[in-house]
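**Q** I have a structure I would like to understand better, so I am pasting it below and will then ask my questions one at a time.
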Amino acid sequence: MSRLMRGITTAATAVATLWIALTAMASAQSPRPRVAAAANLQVALTEIADRFARDRGVTVDLVFGASGTLTRQIRDGAPFDVFLSADEAFPAQLSAAGLTRDAGVVYASGRLVLFAPHGSPLTVDARLEGLAALAARGRAWRLAIANPDVAPYGKAAEAVLRKRGLWAAVQPRLVRGDTIGQAAQFAISGNAVGGLLAYSLVLAPGVVSRGTYAVIDAADHPPLSQRMVLLKRASPAAAQFYAYLQGEDARALFRRHGYGAPQ
């Protein structure tokens, strides 16, 4: 090889090495996508994010909470890239405030269930007749729901109780979780006779075998149409994850965790 060719090869190798180093440095400095998500998604979205990391090589940081609480944090400047709510109202607030790229998309339809741990005096049924019978006995007990002020699943639970004429009797006996996840902990642990919970959390490994449940008729409460939005500060990696959530792989995982197709 001539001296000229050796020089060209050496220069090309140096450029390639520099490019690889700069790419690695940029990747290391680029923040991970930060995703704020409703607590009902804790099991399903964790699995989807793991699949995304395996398929795309990008790790996603997930923060779970009540949809209303997360909305307030985003309005206050919390550095999230994507927000997955348990309803449509909270994303609409962020969109109206000019904090999102657009109005977002509905990614799943949630379901509410009545759950009771084994040994509970509560008989589970979709029309809440067992709960009505328990209320008529007058004994001391507690029922877990999420806080309706910040959690859409809590608002749906309140709507079901009102429709069945049980709100007045049950309200003094409610233990309200800050999130639907906390409400599920109250019900599963036996600190309540049961709870009106997210179907997705009841189906989680280690939960479904610990009690009985009945899926509430979707017509008994406002639709749990779960919308997500891409925030204006979102990075390209976050936009990729947002698109991934709309793909068939993610939707298949949502279905496996008890969610219906977007309406």
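**Q** Read through the list (1) under 21 Å from Gly98 (Cβ atoms); (2) at pLDDT below 95, then give the number of the only condition that Val208 fails.
**A** For Val208, the failing item is (1).
**Q** Can you pull out every residue in the stretch 33-71 that is of a type in the set (Lys, Arg) and either in contact with a Ser or Thr (Cβ under 7 Å, 6 or more places away or on another chain) or over 18 Å from Ala234 (Cα atoms) (or both)?
**A** Listed by number, the residues that qualify are Arg51, Arg54.
**Q** Could you please give the count of residues in the stretch 128-160 that are among the charged types (D, E, K, R), closer than 19 Å to Pro222 by Cβ and without any contact (Cβ under 8 Å) to a residue 40 or more places away in the chain?
**A** Number satisfying all stated conditions: 1.
**Q** Quick check: is even one residue across the stretch 36-55 modelled with pLDDT under 95, of a type outside the set (Lys, Arg) and not assigned by TED's automatic domain parsing to the domain that holds Asp125?
**A** Yes, the stretch 36-55 has at least one match.
**Q** Taking the condition of being under 21 Å from Val43 (Cβ atoms) and of a type in the set (Asp, Glu), how many residues in the stretch 56-97 meet it?
**A** 2
**Q** Go through the stretch 63-97 residue by residue and tally those that are of a type outside the set (Val, Ile, Thr) and under 20 Å from Tyr153 (Cα atoms).
**A** Going through the stretch 63-97 one residue at a time, the tally reaches 20.
**Q** A follow-up question, please. Tell me which residues, restricted to the stretch 224-247, are surrounded by fewer than 17 Cβ atoms within 10 Å (Cβ to Cβ), under 19 Å from the mean Cα position of the chain (by Cα) and either modelled with pLDDT under 95 or among the small types (Gly, Ala, Ser) (or both).
**A** Ala239, Ala243, Gly247
**Q** Taking the options Asp102, Asp125, name whichever one is out of contact with any Asp or Glu (no Cβ under 7 Å at 6 or more places or on another chain), assigned by TED's automatic domain parsing to the domain that holds Ala252 and either outside any strand (DSSP E or B) or surrounded by fewer than 23 Cβ atoms within 10 Å (Cβ to Cβ) (or both).
**A** Only one candidate qualifies: Asp102.
The values are calculated or read from the model by the stated rules, or taken from the named source; none is laboratory data. Remember, predicted model here, so these are calculated numbers, not experimental data. As a convention, Cβ positions derive from the backbone with ideal geometry for all residues, glycine included, and neighbour counts pool all protein chains shown.
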